[in-house]
Amino acid sequence: MQNKPIGIFDSGIGGLTVAKAIKEVLPHEQIIYFGDTAHLPYGDKSKDSVKSYSKRITGYLLAKGCKAIVIACNTASAHAYNDLKKFYPKVPIINVVKPTVMYVATKYDTGKIGVVATKGTIKSRIYPRKIKKKNPNLQVPQAAAPLLVPMIEEGFFNNNISQTIINSYMSARNFKNLKALILGCTHYPLIKSEVENFFKGEVEVIDSASVVADYTLRLLKKENLLSDKRHGSDQFLVSDFTKSFEETSKLFFGKAIHLKEDRIWD
Ligand code: DGL
């Protein structure tokens, strides 16, 4: 079982930021990545739709022999994690919310921890609920930032357009005097430095991709599931292929990859 792949899924290709972070800390692991590009974006979908897509994709990755599942998508983590755990109780399933919650609730005693994410994640209130349960002394103001996903996918970052949009979201009144800010979306690691600059380096900007990668390493170790040698090559699958998805995937994974289409919904 140790030498089986890790299954990672997302609504699209943004989750490649999580796949990249996992490959950095676990270079020997084989991954099978599935991006549900046919249903992108999940951030605006109903909870029921995201739950049913996530269930089907998890079943698909397990049928491919995956030893563990990482839900790279914040929106799917917020809406579907509990159901997936119930449905597949024996499989280690990692979501992107829990490791980030544990990180902030342990590190900060008091103060304000902001969250920026898709509309779906914000509406679920998953971060304030989970953080306050661990540490009721923390305040958790939130802001949905729906323009950031298309902005980043179109390659608008580190320029004056992205700066204007980021400034406008980060200037939210409830984001005054933050100690830390959680970037609660697959795409946001690409704008981390711009957000840090907005806050003049005075706010810790937490990129959930790297927190989740470290957590995945610890969990696989604990479950005795770390592979002892590299087996097979990584696979990157999408439910709807376009050339533009393949080109954009380079932004998120940091190097060119070959996307293969598997139309699992047909
Ligand atoms: N992957 C989504 C997330 O992390 C962002 C893109 C989408 O809305 O599908 O919430």
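No lab work stands behind these numbers, since they all come straight from the coordinates. Please read these numbers as outputs of a predicted model, since none were measured by experiment. Cβ atoms come from the backbone with ideal geometry, glycine included; neighbour counts cover every protein chain shown.
The criterion of at least 3 residues that are surrounded by fewer than 17 Cβ atoms within 10 Å (Cβ to Cβ) is met by the following helices (runs of 4 or more DSSP H) wholly inside region 141-227: 160-170, 192-198, 208-222.
Counting only residues that are surrounded by fewer than 24 Cβ atoms within 10 Å (Cβ to Cβ) and among the hydrophobic types (A, V, I, L, M, F, W, C), which one in region 5-26 is nearest to the ligand (Cβ to nearest atom)? Among those that are surrounded by fewer than 24 Cβ atoms within 10 Å (Cβ to Cβ) and among the hydrophobic types (A, V, I, L, M, F, W, C), it is Ala21.
Only residues that are more than 16 Å from the ligand (Cβ to nearest atom) and surrounded by fewer than 18 Cβ atoms within 10 Å (Cβ to Cβ): list them for region 109-127, please. Of everything in region 109-127, those that are more than 16 Å from the ligand (Cβ to nearest atom) and surrounded by fewer than 18 Cβ atoms within 10 Å (Cβ to Cβ) turn out to be Asp109, Thr110, Gly111.
For region 81-105, give me the residue count where each residue is surrounded by fewer than 16 Cβ atoms within 10 Å (Cβ to Cβ) and without any contact (Cβ under 8 Å) to a residue 24 or more places away in the chain. The number of residues fulfilling the criteria is 5.
Within region 150-175, being touching a residue at least 24 places away in the same chain (Cβ under 8 Å), of a type outside the set (Val, Ile, Thr) and over 27 Å from Thr242 (Cα atoms) holds for Gln163, Asn167, Tyr169, Met170, Ala172, Asn174, Phe175. For region 230-250, a residue qualifies if it is surrounded by fewer than 16 Cβ atoms within 10 Å (Cβ to Cβ) and among the hydroxyl-bearing types (Ser, Thr, Tyr), and the qualifying residues are Ser233, Thr242, Ser244.
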